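The values are calculated or read from the model by the stated rules, or taken from the named source; none is laboratory data. All values reported here derive from a predicted model rather than from experimental measurement. All Cβ positions, glycine included, derive from the backbone under ideal geometry; neighbour counts span all protein chains shown.
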């Protein structure tokens, strides 16, 4: 659906995060999860938030999704402050239970289209089937989610998010719970979907290889509290797995995350989990 | 090879059907054996006042069905039950909604359920008689009490157990207010709601029959419990057993036909059955 310039996509320069602090009440008082983070996402960009666990990347994404309030600063979508969740920022979660179990595969997508876009039933179902086919699940359009594998459920969630054609797609480690092989295939498919639709994406991950494969730009966050540590522009040539540029940028992020350019190297080292070898 | 692999699920399904039918036949044989034992013992005892034979019980069942007395009693009982069940559901829905909306509501529900859930509904009958007198309102009052607490407890637990990811996904799609409740929360909590309805039904049915034994709505037109009680007083023991049989049959029918069908059409099909 490359011609899909619906009302949701007409305004450009979607998202800005401006000096944002995020805090929550933990066991030991107020914890700062994200400290003074600023960035902007341009139209058609795929921005990856990369970092070890505890760096606040998922918290930040949830704040962008409107599920958490910002303590300081502002998150703006098309110039308007984000105050709550909405279908202009469709989110894909890591957990498999994000689908409505009582609706079929196509039904889940159609329901989102009717609720989020107000489409009439026929049109919603037509588009839903189209998107289900696009993620390779045409045969399973009328199956209920509990009969699907984890990877297939994530495909449905991705189809649902794309179908709504939000201003920006938010992906919270959508492939983290998949086995290595499916994860790799899903990355490739997501990439081609994004490129075909020209989607604007924020993708959260702790896998360096995933970040390089998916992103056009990578922001590395350091933990406790989450701060921006480094920024990488990923050139087109580096997107191919096994290419010299891919290995180079991956090694560089490795070196930087481990070598102590961020403020608290020990904490980084202790918390950083190697992504499984693919 | 691959053909066999494709056939596997189908064979498994027909196997399940086969299993179901053998279990059905097994149960039928057990039931027949029990009926036979009953008949033999009652004949050996030879005292129709203490224990009528199975045949006599069936005859009594047939006769009181034909002369219209038993169906009328069943209708009385069921209409009272449905009224109480309906009111119970409405109050449970209100309380659960309050609990979902505010902390005060949540504490109110928690406190009320922990106080009233352990109290057998039938224990409230004297109070009900005092307040409402002898008549349908007293019976409905105890039925509401029997349905309300287990149902409210189950619904509340069901709403609380809706996964946070599913809630976020719903709000992400723009669900809010009524569309959030009816489009997401209620279907997501349906397994708990259904089991609460089932439990409430079972409590209500037991409570009603027990309460009806205390008095009939009026001397001529009591419910099923009153039918059993008056027939005992008149030493029509075969009718007593016929009444008991009807109580069991209605309980079984609602459990196995109504609730099992509801479950099969919804949570079982959606893989939500825990």
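Considering the range A:149-165, and only residues there that are more than 18 Å from residue A:192 (Cα to Cα) and modelled with pLDDT under 90, the residue that is nearest to the chain's Cα centre (by Cα) turns out to be A:150.
Can you pull out every residue in the range A:253-271 that is at pLDDT 80 or above and surrounded by 14 or more Cβ atoms within 10 Å (Cβ to Cβ)?
Applying the first criterion (at pLDDT 80 or above) to the range A:253-271 yields A:253-255.
A:253 - this is the single residue of the range A:253-271 that is at pLDDT 80 or above and surrounded by 14 or more Cβ atoms within 10 Å (Cβ to Cβ).
Select from the range B:226-264 the residues that are over 30 Å from residue B:193 (Cβ atoms), without any contact (Cβ under 8 Å) to a residue 24 or more places away in the chain and either in contact with a strand residue (DSSP E or B) (Cβ under 7 Å, 6 or more places away or on another chain) or assigned to a helix (DSSP H, G or I) (or both) and list them in ascending order.
B:228, B:229, B:230, B:231, B:232, B:233, B:240, B:244
Go over the candidates A:160, A:76 one by one and state the one that is more than 14 Å from every other protein chain (Cβ to nearest Cβ) and in contact (Cβ under 8 Å) with a residue 24 or more places away in the chain. If you could, list the steps in order and put the result at the bottom.
Working: A:160 fails: more than 14 Å from every other protein chain (Cβ to nearest Cβ).
Exactly one residue qualifies, and that residue is A:76.
Restricting the range B:167-178 to residues that are modelled with pLDDT under 90 and more than 7 Å from chain A (Cβ to nearest Cβ) leaves a set whose member that is nearest to residue A:163 (Cα to Cα) is B:176.
Restricting attention to the range B:105-121, does a residue exist that is closer than 23 Å to residue B:243 by Cα, crowded, with 17+ Cβ neighbours inside 10 Å and in contact (Cβ under 8 Å) with a residue 12 or more places away in the chain? Among the residues of the range B:105-121, at least one is closer than 23 Å to residue B:243 by Cα, crowded, with 17+ Cβ neighbours inside 10 Å and in contact (Cβ under 8 Å) with a residue 12 or more places away in the chain, which makes the answer yes. Of all residues in the range A:214-224, one or more are under 24 Å from residue A:53 (Cβ atoms) and in a helix (DSSP H, G or I).
Suppose we filter A:86, A:73, A:44 for residues that are in a loop (DSSP other than H, G, I, E, B), surrounded by fewer than 21 Cβ atoms within 10 Å (Cβ to Cβ) and over 15 Å from the mean Cα position of the chain (by Cα); which single one remains?
Details: A:73 fails: in a loop (DSSP other than H, G, I, E, B); A:44 fails: over 15 Å from the mean Cα position of the chain (by Cα).
None of the others qualify; the one that does is A:86.
Listed conditions (1) in contact with a helix residue (DSSP H, G or I) (Cβ under 8 Å, 6 or more places away or on another chain); (2) not assigned by TED's automatic domain parsing to the domain that holds residue A:34 are all met by residue A:118, apart from (1).
Return the residues of the range A:95-109 that are within 8 Å of chain B (Cβ to nearest Cβ) and within 19 Å of the chain's Cα centre (by Cα); say none if nothing qualifies. Please lay out each step first, then the result.
Let us first name the residues in the range A:95-109 that are within 8 Å of chain B (Cβ to nearest Cβ), namely A:95, A:97-102.
Matches in the range A:95-109: A:95, A:97, A:98, A:99.
Is it fair to say residue A:112 is in contact with a strand residue (DSSP E or B) (Cβ under 9 Å, 6 or more places away or on another chain), at pLDDT 90 or above and either facing chain B (nearest Cβ under 9 Å) or in a loop (DSSP other than H, G, I, E, B) (or both)? So residue A:112 fits the description; yes.
In this structure, residue B:261 does satisfy being away from chain A (no Cβ under 14 Å) and over 30 Å from residue B:135 (Cβ atoms). Of all residues in the range A:142-153, those that are crowded, with 18+ Cβ neighbours inside 10 Å and either touching a strand residue (DSSP E or B) at 6+ places or on another chain (Cβ under 7 Å) or more than 24 Å from residue A:176 (Cα to Cα) (or both) total 0.
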